[in-house]
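Engineer: Would you mind keeping the following structure in view while I ask a few things?
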Amino acid sequence: MKLEELRKIRERVQQELSLREGKARIKIIIGMGTSGIAAGARETLRAFLSEIENRNLTDVLVTQTGEKGLASQEPVVIVEESGKPGIVYGMVTPEVAKRIVAEHIVNGVVVSEYVIQVED
Amino acid sequence: MRKRLDVLICTGANCLSSRSLEFKKKLEEELERRQLQEEVNIVGTGCMGPCQLGPVMIVYPEGSFYVKLKDEDIPQIVEEHFLKGRPVKRLLWTAPEAAKIVEEKKKIPFFEKQEKVVLKNCGRIDPENIEEYIAYGGYEALAKVMSEMTPEKVIEELIKSKLVGRGGAGFPTGLKWKFTREAKGDEKYVVCNADEGDPGAFKDRAILEGDPHAVIEGMIIAGYTIGAHNGYIYIRAEYPLAIKRLEIALEQARKYGLLGKNILETGFNFDIELRMGAGAFVAGEETALLSSIEGKRGMPRFKPPYPAQKGVWGKPTLINNVETLANIRHIILNGGEWFASIGTENSKGTKLFALSGKVNNTGLIEVPFGLTLGEVIFDIGGGIPKGKKFKAIQMGGPSGGYITSEFLNLPVDYKEIEKTGSIIGSAGMIVLDEDNCMVNMAKFFVEFTMSESCGQCTPCRVGLKQMYGILDRITNGQGTLDDLTLLEKLGKQIKSSSMCGLGQTAPNPVLTGLKYFPEEFLEHVLYKKCRAGVCASLFYAPCTNACPAGVDVPRYLAHMTEGGLKEAFLVHMENNPFPSVCARVCPAFCERPCERGKFDEPIAIREVKRLFADWAMENDVEFNPPLELRKEKVAIVGAGPAGLSCAYFLTRLGYRPVVFESLPVPGGMMRVGIPDYRLPKDVLNEEIARIVESGVELRLNSPVSSLQELKEMGFDAVFISVGAHRSEKLNVKGEELEGVTGGIDFLREVNLGKKMDLKGKRVAVVGGGSTAMDAARTALRLKASEVSVIYRRSREEMPAQAAEVEEAIEEGIKFYFLTNPVEFAGSTRVEKIKCVQMEFQGFDKSGRRRPVPKEGTEFEIETDFVLLCLGQRPELSGFAEELETNKDGTIKVDKDTLETSLTGVFAGGDAVLGPATVVEAVGQGRKAALSIDRYLGYEGKFPFPRREVVETSFNEEEYLKVIPRKTPALEMVEERIKSFIEVNKGILLQEALEESKRCLKCDRGKEVVSEKLEKEKVRIPLGG
């Protein structure tokens, strides 16, 4: 691969990630480092996927990432929506995951008790 | 067919008046028009609230809450939401708090004080997708290096950056790359040390799991720079997820032409192989690691030659830590100068730390060098959970040392940390609190390094085993003073003569433990005591261990489960003759370390105590004076808790002591300091009467002017327990004004019966301890129109018991936190207090946040009285010249015997400890009684029966589930502030019996070392 190709990949993926192309309205990122997995992140992931499937939501993307650092609050989930600050949730059990889908993803109401950080 | 959507429309009275029925009808019509009536269920309900936002509608299953609906909204709702599944946002109710939370959460210190450079991608990208890495600038540094930079330029930038190795040794990275580049040979290697083995370290794991390409990119750049074509990542097998992510990353990198042959079509070849470690800690040492890669046993060898000259396969090898490599791309992209602009003089850039142990926010953090340790633990870390006291930071794993509270203002910096005797090392920070035993910690680390020793060299192989053996004996109560000397000697020898870093640093936890916590080691060895309540063979139970008087809590709780009130009472009296008093006022040191507290809540020991204590009072349980008398005469000066306890315990030993009290009433601080609503006078008087009847001669109104006087009266030994009753001064202008007094003086007057009516007067109390709470609440009951408390720290830091503060707030007392008086103003009488607000800046030596005045925040509080409650010191008058005192005015005594500078004269209680508590005074009085007995030539042993196991008959299993502790009933606020009626009503007998059954019986089956030694007639010093 040549240098220019590297740059092209970067531009393309940046756009995809910025959600402006409308492929996904909202992105759910689940922390899947060892701390997260030990705290149950896999079950949380499954809960998100099943809830999204039940509701037939087609504009929601679920993906994974490494550790954000706050091990005592794992499982950690980040919800990104274009034009809005990123919301970082902590202690996201499968029950909390269902609430996040129902209240935040579908209705736009942040589940404030579980928010641990807001990213600009 | 089950309907897909449930729609609830409020038809409560208020919504009806907003035309919700008409809305419902129109909605039903629209559904019919769109043929959706089979799928959507519409139900009219009762009031759902909030009424002012009607008509209101909820759509399930999501629970979308629509408000302020109008008929015109119907088509959109049906089209967008019912048909397409997209709720109409503009019509939904948005919780107002959510926006506020969003604002607040932006500023959590955990994230705010960090600076993410290396960890930026962790938590942002999908580590299993190389394209996301590329999207955020991945492999740009590689591209830049290969197209624009020579190897020399790369090294120049690294040297400019002043980056040092992040594995622990801290060698300048630029120099290492330079040496390896300059080494002769065309076959060179790049090795990444990913064998993170220190307990408490997990920073490398997080990087490898969350951003593996950063490490790969760093290695390729390294290869290009030094002229290597092959790399190894040596990763421990205990990191399976990291291994998996690395394997995926390597494969993807090869697929995209960024690794392997002809990278970025420049003709440069470089590939990486993964090698797994097999569970040997020592393989983290570079020469052992290289040995392991070669397929040999991971054992270190001598250096020189260094790996840069002769590494793996005997070829020049660059070996770097994961975090070091992850920093490379940032230095390449932003320049060495940028990196050097972050941090301190000696330590550049950011540093990852793994925060664990007794801290609220455990996890991985990245901070710029220069942030203080206090900020890391208390701001980022969120402080110590459960309100426990910080003890030390264990830094650097088994190679490291302890950072105590006096160093909290130190910036995170290689040199600064080294000055304390610790190292940054693998950057694990384990936070320790009051429940950690430093001797046990030392043993834990040596046990680890001992088992990980490769065995090559004698100092490490044999020496560590010896150290472990000694530490093991110490934790089991078999240590001696010589052992401590030997430990230090051995430790230093092992350090100086071991072959590799493992042996050279393994003694550090022991040596720094001895340096910073010598008292704990001494206590284990001399008094067979473990103050943290960890070394199990040294105590019966954590509660008893923590009690300053050593009351046998588990034994009396066991009696209580059987309804044995008298037996429980007798057990208590063996250590403390003031059960009813302590049941009401003790801060309950016993409840703090209660094991049950780790499961649900600590046992309400104090409340249980009150039941048998009060029962004994009501049933007149008495103690007879001694029959076999000692002929020696003992005098006690001061009838407070220390003096009266000493007197009582002396009677148990066969004496008939004489107590001299200057006031017309006995009790000391219990009588003149603690108000009736906390400790009713008749309760105190009953317990004092019991002590007098046990054989004590009490002389009231009898001040003692000198020790000579007592000597002339024929006393053979004296115990001085005059307490600390002189109020400390604030030393500000206006303190001499009328109306400004010591809180303790105010309380004394009230408690001695002086009539005081504060009706219509405003009272301000300065201070945050029990005395301040007592003074404030007493003033309130004397009808003061306004009572406020001014305290220079925050509520969490108040020394007063939490319950007292809560009750004071309930009673309507106003609190000014983080406020300090600077002047009292008025003509002859105080009229107002000039105050300034405080803010926290750094920490003081004891580890508490240091309050400093905030500029420009001066304000005034109008008042008629000021009560200063800033602590007390002893008033020694006649004795002052004869006895040696400490700087704070307390009497100097021998720690073991409580003897003062004069032979035969002993002292205890607040006069020695400074303002303390009733139970501490009791403990000292009891100890002094034994000490005096020994001084007079006797054994110094109470004739109490040997400790026996109390058999209980209740079903213990029933109590092994979550059961909250019983809380006492309090008198209602409106009633209690009108008089001095007792506030705390206690718990019921039945509740106390039940509460006792929650005890986990930590003392079960134990024979404590000190008892064993007593059986063997070995005398242990009283100390501790």
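The values are calculated or read from the model by the stated rules, or taken from the named source; none is laboratory data. Note that the coordinates shown come from a computational prediction; the quantities given were computed from them, not determined experimentally. Neighbour counts run over all protein chains shown; Cβ positions are idealised from the backbone, glycine included. All accessible areas refer to the heavy atoms of the entire protein, side chains included, with ligands and DNA or RNA removed. Shrake-Rupley method; radii C 1.70, N 1.55, O 1.52, S 1.80 Å.
Engineer: How much accessible area per residue does chain B have, in Å², with a 1.4 Å probe?
Structural biologist: Accessible area per residue, chain B: 41 Å².
Engineer: I've got another one for you. Checking the cross-link filter: which lysines have an alpha carbon closer than 19 Å to that of B:K854, excluding same-chain neighbours under 8 positions apart?
Structural biologist: In chain and number order, the partners are B:K834.
Engineer: Between B:I248 and B:E618, what is 0.36 nm times their sequence separation minus the Cα-Cα distance? Round to one decimal in nm.
Structural biologist: 125.4 nm
Engineer: Run through segment B:343-390 and list the trypsin sites (Lys or Arg not before Pro) located in a DSSP loop whose Cβ has at most 16 other Cβ atoms within 10 Å.
Structural biologist: Passing both the DSSP loop test and the Cβ count: B:K388, B:K389.
Engineer: Shifting gears a bit: Below 22 Å, Cα to Cα, which lysines can A:K84 reach? Residues fewer than 8 away in the same chain don't count.
Structural biologist: Straight-distance partners of A:K84: A:K23, A:K27, A:K68, A:K98, B:K89, B:K100, B:K105, B:K106, B:K107, B:K116, B:K120.
Engineer: Shifting gears a bit: If eta is 1.002 mPa s and T is 20 °C, what Stokes-Einstein diffusion coefficient results for chain A, Kirkwood Rh from Cα pairs, in µm²/s?
Structural biologist: 144
Engineer: Could you pull the Cα extents of segment B:114-265 along its three principal axes, largest to smallest, in whole Å?
Structural biologist: Principal extents (largest minus smallest coordinate, Cα): 37, 37, 31 Å.
Engineer: Counting other Cβ atoms within 10 Å, keep those with at most 15, restrict to DSSP loop, and tell me which chymotrypsin sites (Phe, Trp or Tyr not before Pro) in segment B:908-1011 are left.
Structural biologist: Those that pass, being in a loop and sparsely packed, are B:Y938, B:F954.
Engineer: For segment B:230-244, in order, what is each residue's ³J(HN,Hα) by Karplus, 6.51 cos²θ - 1.76 cosθ + 1.60 with θ = phi - 60°, in whole Hz (x at glycine and Pro)?
Structural biologist: Listing the rounded values in order: 9, x, 10, 10, 9, 10, 6, 5, 6, 10, x, 5, 5, 4, 4 Hz.
Engineer: Still on this structure, I have one more. How many angstrom lie between the Cα centre of segment B:531-571 and the Cα centre of segment B:700-754?
Structural biologist: Segment B:531-571 and segment B:700-754 have Cα centres spaced 35 Å from each other.
Engineer: Using only atoms on other chains, find how many Cβ atoms lie within 10 Å of each Cβ of peptide A:71-77 and report the average.
Structural biologist: Counting other chains' Cβ atoms within 10 Å and averaging over A:71-77 gives 4.
Engineer: Can you check how the C-alpha radius of gyration of segment B:463-534 compares to 2.2 N^0.38 Å, as a plain ratio?
Structural biologist: The value comes to 1.09.
Engineer: Say R0 is 22 Å: what FRET efficiency, to the nearest 0.05, do B:A880 and B:N701 get from their beta-carbon distance?
Structural biologist: The pair B:A880/B:N701 has a calculated efficiency of 0.50.
Engineer: State, to one decimal in nm, how far the label point of B:E238 lies from the label point of B:M972, with both points 7 Å from Cα in the Cβ direction.
Structural biologist: According to this spin-label approximation, the distance is 6.1 nm.
Engineer: Using a Förster distance of 60 Å, how high is the FRET efficiency between B:I963 and B:L737, based on the Cβ-Cβ distance and rounded to 0.05?
Structural biologist: Efficiency for this residue pair is about 0.65.
Engineer: On to the next question. Tell me, what is the Rg over Rh of chain B, with Rh the Kirkwood radius over Cα pairs?
Structural biologist: We get a ratio of 1.05 for chain B.
Engineer: Extension gain B:N955-B:T266, at 0.36 nm per residue separation less the Cα-Cα distance, in nm?
Structural biologist: 240.2 nm
Engineer: Another question, then. Shape call for the protein assembly as shown from the C-alpha gyration tensor, a ≥ b ≥ c root eigenvalues: rounded (a/c under 1.5), prolate (a/b greater than b/c) or oblate?
Structural biologist: oblate
Engineer: What is the mean number of Cβ atoms from other protein chains located within 10 Å of the Cβ atom of each residue in peptide B:128-138, rounded to a whole number?
Structural biologist: Per-residue shielding by partner chains comes out at 5.
Engineer: Using only atoms on other chains, find how many Cβ atoms lie within 10 Å of each Cβ of peptide B:235-241 and report the average.
Structural biologist: 1
Engineer: Based on the Cβ-Cβ distance of B:L274 and B:E797, what FRET efficiency does E = 1/(1 + (r/R0)^6) give at R0 = 51 Å, to the nearest 0.05?
Structural biologist: 0.50
Engineer: Further, regarding this structure: Starting from the Cα of B:K296, move 7 Å in the Cα-to-Cβ direction to define the label point; list residues of segment B:308-345 whose amide nitrogen is under 12 Å from there.
Structural biologist: From segment B:308-345, the list is B:311-315.
Engineer: Describe numerically, in nm with one decimal, the distance between label points set 7 Å from Cα along Cα→Cβ at B:D844 and at B:E939.
Structural biologist: If labels sit at B:D844 and B:E939, their model points lie 4.7 nm apart.
Engineer: Please give, to one decimal in nm, the separation of the simple spin-label points placed at B:E693 and B:D716, each 7 Å out from Cα toward the Cβ.
Structural biologist: So the label points at B:E693 and B:D716 sit 2.9 nm apart.
Engineer: Find the lysine pairs in segment B:479-530 meeting two conditions, Cα atoms under 20 Å apart and a separation of 8 or more places or different chains, and report how many there are.
Structural biologist: 5
Engineer: Also: Could you tell me which trypsin sites (Lys or Arg not before Pro) in segment B:749-853 are loop residues by DSSP with no more than 10 other beta carbons within 10 angstrom of their beta carbon?
Structural biologist: Taking segment B:749-853 and a limit of 10 other Cβ atoms within 10 Å, the loop trypsin sites (Lys or Arg not before Pro) found are B:K754, B:K755.
Engineer: Could you tell me how far the Cα centroid of segment B:335-380 sits from the Cα centroid of segment B:160-181, in Å?
Structural biologist: The distance from the Cα centre of segment B:160-181 to that of segment B:335-380 comes to 19 Å.
Engineer: B:K296: which lysines have alpha carbons under 22 Å from its alpha carbon, excluding same-chain residues fewer than 8 sequence positions away?
Structural biologist: Answer for B:K296, where 22 Å is the Cα cut-off: B:K188, B:K310, B:K315, listed by chain and number.
Engineer: Residue-wise, which Karplus ³J(HN,Hα) couplings in Hz belong to segment B:960-970, taking 6.51 cos²θ - 1.76 cosθ + 1.60, θ = phi - 60°, and x for glycine or proline?
Structural biologist: Those phi angles translate into 9, 9, 5, 10, x, 7, 6, 10, x, 7, 10 Hz.
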